[in-house]
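Trainee: This is the structure, below, for whatever I ask next.
The values are calculated or read from the model by the stated rules, or taken from the named source; none is laboratory data. Bear in mind that the values here come from a model prediction, so they are computed numbers and not experimental data. Reconstructed Cβ throughout: ideal geometry from the backbone, glycine too, with neighbour counts over all protein chains shown. Remember, those area values only see protein heavy atoms, side chains included, never the ligands or the DNA or RNA. Shrake-Rupley method; radii C 1.70, N 1.55, O 1.52, S 1.80 Å.
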Amino acid sequence: MVRNIVVLGGSSHPDLVNTVCHLLGIPNGRITLSKFAVGETRVEIQDSVRGKDVFVIQSGCGRVNDHLVELFITISACKTASAKRVTAVLPHFPYSRQSDIPYNKTGAPLSKAPALNGGKNDFTFESRPGTPGPMDSPGLGVSHGGLEKELSRVALERGADSGVNGVDRGKSHPPTPLRRTNTAESLSMNTTNEWIPPKGTGYKQWVAQAGTLVADLLTCAGADHIITMDLHDPQYQGFFDIPVDNLYGRPLLQRYIKHNIPDYQNAVIVSPDAGGAKRATAIADALGMEFALIHKERRPTRITDRQNATMMLVGDIAGKVAILVDDMADTSNTITRAAKLLKGKGGATRVYALVTHGVFSGDAIDRINASALDKVITTNSVPQDQHKRLCDKLVVLDVGEVFAEAIRRVHHGESISVLFRND
């Protein structure tokens, strides 16, 4: 039994909270979560947290925004009640896919040039389009060089009128005033029409970086420590000024492969996109397995501007078992299309999909049931009870033990490196 610790659970994943408290040998922290008639969140902590180590468990699933506000208020309430330390435990971190300026589709951002030659389109790729401004569009202003020339011309005219060194050589003329329209402010302003970014730049106007904001909100609410699992983008940890422990779901997935997939040494680990190649190769190297990659190239069609992804398999999986590895399955479009490619053109005998966070939003379950996938293995970082009832292909691995051990080690100041072992 762990002493001087309080574990509070949000409304997003009560089953995981019960599992963690049971493994730690402590009762669930008493907390009342409700809403006022207007829809505002109400939080009341019924246990004393003064001088205690508090862990608040809330996963990013379901009503994500409501759960986030609930988490912020709970953390703030604990700090106000003189808690010694407050740790936010987020098995699935919300908004982790918005760590940078997002595009409509993942992959290389595609920029379409203006139509030429009677509607013929030429396309160019950019690593990241620059941020255009009013000065970048022709006709809306002048460059700095043009402004300097204009000011020099006006100065010469004024010098000619007043003579050398300001001494009048003849008739006295009033100095020529610098017109308001010749100043930098008026030259750069467009008072008649609102500026619209050029269509050919691929620029997305006023896109918010929500990932940075969520990190700042957690810190401002009073969180002293963050524990999460398999961040979609590892660079997200850099947005925090407080310690972040990013646990890995890879050991659970590797254990499943070793004990539940027959003759797994002859199977092939497949990454469904280039972004997950590092994650997939880590599992392949640890288990001594072969590796393959699916490359997605996004090109808009001639009929519409929608960017369709052409999937190409790099590697040989003919007559072998293919194991897709990814960190998250939201709509499941990527893994179902990949399974179709692996069984169709690739010639795989069976296709497994292993994902850490099975969000399965929208019609994802129906898509999986109708797909070429034989099994989908995920964790219960988000609730999976309803998904399991609707999909017989779904296998759920429990992460309660991992988070319970992480909480125990953080509370006692022990190293959590043992949780990264793959055996």
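Trainee: Within the range 217-248, count every residue that is within 24 Å of Lys79 (Cα to Cα), part of a strand (DSSP E or B) and not β-branched (Val, Ile, Thr).
Mentor: Selection size over the range 217-248: 3.
Trainee: Among the residues of the range 357-366, write down those that are open to solvent by 70 Å² or more (accessible area, probe 1.4 Å) and at negative phi.
Mentor: Asp363, Asp366
Trainee: Restricted to the range 319-356, and to residues that are of a type in the set (Val, Ile, Thr) and open to solvent by less than 10 Å² (accessible area, probe 1.4 Å), which residue is nearest to Ile257 (Cα to Cα)?
Mentor: Step by step, filter the range 319-356, then rank; the result is Ile323.
Trainee: Given the structure, is Ile269 assigned by the TED database to the domain that holds Ser76, assigned to a strand (DSSP E or B) and either at negative phi or of a type in the set (A, V, I, L, M, F, W, C) (or both)?
Mentor: Values: assigned by the TED database to the domain that holds Ser76: no; assigned to a strand (DSSP E or B): yes; either at negative phi or of a type in the set (A, V, I, L, M, F, W, C) (or both): yes.
Considered against the rule, which asks whether it is assigned by the TED database to the domain that holds Ser76, assigned to a strand (DSSP E or B) and either at negative phi or of a type in the set (A, V, I, L, M, F, W, C) (or both), Ile269 comes out as no.
Trainee: With respect to Gln265, is the statement that it is open to solvent by 60 Å² or more (accessible area, probe 1.4 Å), under 30 Å from Ile317 (Cα atoms) and touching a helix residue (DSSP H, G or I) at 6+ places or on another chain (Cβ under 9 Å) true?
Mentor: yes
Trainee: Please indicate, with yes or no, whether at least one residue in the range 386-401 is among the charged types (D, E, K, R) and out of contact with any Leu (no Cβ under 9 Å at 6 or more places or on another chain).
Mentor: Yes, because at least one residue in the range 386-401 is among the charged types (D, E, K, R) and out of contact with any Leu (no Cβ under 9 Å at 6 or more places or on another chain).
Trainee: Would you be able to say whether some residue in the range 3-15 is of a type in the set (Lys, Arg) and either at pLDDT below 95 or touching a helix residue (DSSP H, G or I) at 6+ places or on another chain (Cβ under 8 Å) (or both)? Lay out the reasoning, then the answer.
Mentor: The first filter runs over the range 3-15 and keeps only residues of a type in the set (Lys, Arg), leaving 3.
From what is left, the residues that are either at pLDDT below 95 or touching a helix residue (DSSP H, G or I) at 6+ places or on another chain (Cβ under 8 Å) (or both) are 3.
The answer is yes, given that some residue of the range 3-15 is of a type in the set (Lys, Arg) and either at pLDDT below 95 or touching a helix residue (DSSP H, G or I) at 6+ places or on another chain (Cβ under 8 Å) (or both).
Trainee: A follow-up question, please. State which residue is farthest from Lys84 (Cα to Cα) when the search covers only the range 37-47 and only residues that are in contact (Cβ under 8 Å) with a residue 12 or more places away in the chain and open to solvent by less than 60 Å² (accessible area, probe 1.4 Å).
Mentor: Going through the qualifying residues, I end up with Thr41.
Trainee: Hey, another quick one. Out of Arg421, Arg389, report the one residue that is surrounded by fewer than 13 Cβ atoms within 10 Å (Cβ to Cβ) and either in the same structural domain as Ile227 (by the TED database) or in contact with a Pro (Cβ under 8 Å, 6 or more places away or on another chain) (or both).
Mentor: Of the residues listed, the single one that is surrounded by fewer than 13 Cβ atoms within 10 Å (Cβ to Cβ) and either in the same structural domain as Ile227 (by the TED database) or in contact with a Pro (Cβ under 8 Å, 6 or more places away or on another chain) (or both) is Arg421.
Matching residues to (1) of a type in the set (Ser, Thr, Tyr); (2) at pLDDT below 95; (3) under 28 Å from Gly413 (Cβ atoms); (4) open to solvent by less than 40 Å² (accessible area, probe 1.4 Å):
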position	(1), (2), (3), (4)
Asn18	no, no, yes, no
Cys21	no, no, yes, yes
Arg30	no, no, yes, no
Lys35	no, yes, no, no
Lys52	no, no, yes, no
Ile57	no, no, yes, yes
Ala77	no, no, yes, yes
Ala83	no, no, yes, yes
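Trainee: Among the residues in the range 353-368, are any small (Gly, Ala, Ser) and closer than 19 Å to Gln58 by Cβ?
Mentor: Keep residues of the range 353-368 that are small (Gly, Ala, Ser), which gives 353, 358, 361-362, 364.
When the remaining residues are screened for being closer than 19 Å to Gln58 by Cβ, the result is 358, 361.
Looking for residues that are small (Gly, Ala, Ser) and closer than 19 Å to Gln58 by Cβ, one finds at least one in the range 353-368, hence yes.
Trainee: Now for a different question. In contact (Cβ under 8 Å) with a residue 12 or more places away in the chain, part of a helix (DSSP H, G or I) and either among the aromatic types (Phe, Trp, Tyr) or open to solvent by 20 Å² or more (accessible area, probe 1.4 Å) (or both): is that true of Gln254 in this structure? Walk me through it before giving the result.
Mentor: Working: in contact (Cβ under 8 Å) with a residue 12 or more places away in the chain: yes; part of a helix (DSSP H, G or I): yes; either among the aromatic types (Phe, Trp, Tyr) or open to solvent by 20 Å² or more (accessible area, probe 1.4 Å) (or both): no.
Taking the combined requirement at face value, the residue does not satisfy it.
Trainee: Now for a different question. Restricting the range 48-59 to residues that are without any contact (Cβ under 8 Å) to a residue 60 or more places away in the chain and not in a strand (DSSP E or B), which is nearest to Gly400 (Cα to Cα)?
Mentor: Gln58
Trainee: Within the range 1-34, count every residue that is in contact with a strand residue (DSSP E or B) (Cβ under 6 Å, 6 or more places away or on another chain) and of a type in the set (D, E, K, R).
Mentor: The number of residues fulfilling the criteria is 0.
Trainee: Here is a further query. Step by step: first the residues of the range 344-365, then only those that are at pLDDT below 95 and of a type in the set (D, E, K, R), then the one that is farthest from Val395 (Cα to Cα). Which residue is that?
Mentor: Residue satisfying both the conditions and the ranking: Lys345.
Trainee: While we're here: Quick check on the range 367-386: of everything there that is over 22 Å from Pro94 (Cβ atoms) and of a type in the set (S, T, N, Q), which residue is least open to solvent (accessible area, probe 1.4 Å)?
Mentor: Taking the candidates together, the pick is Ser371.
Trainee: Testing Gln235 on (1) open to solvent by less than 20 Å² (accessible area, probe 1.4 Å); (2) farther than 13 Å from Asp327 by Cα, one condition comes back false. Which one is that?
Mentor: Here Gln235 meets the rest and fails (1).
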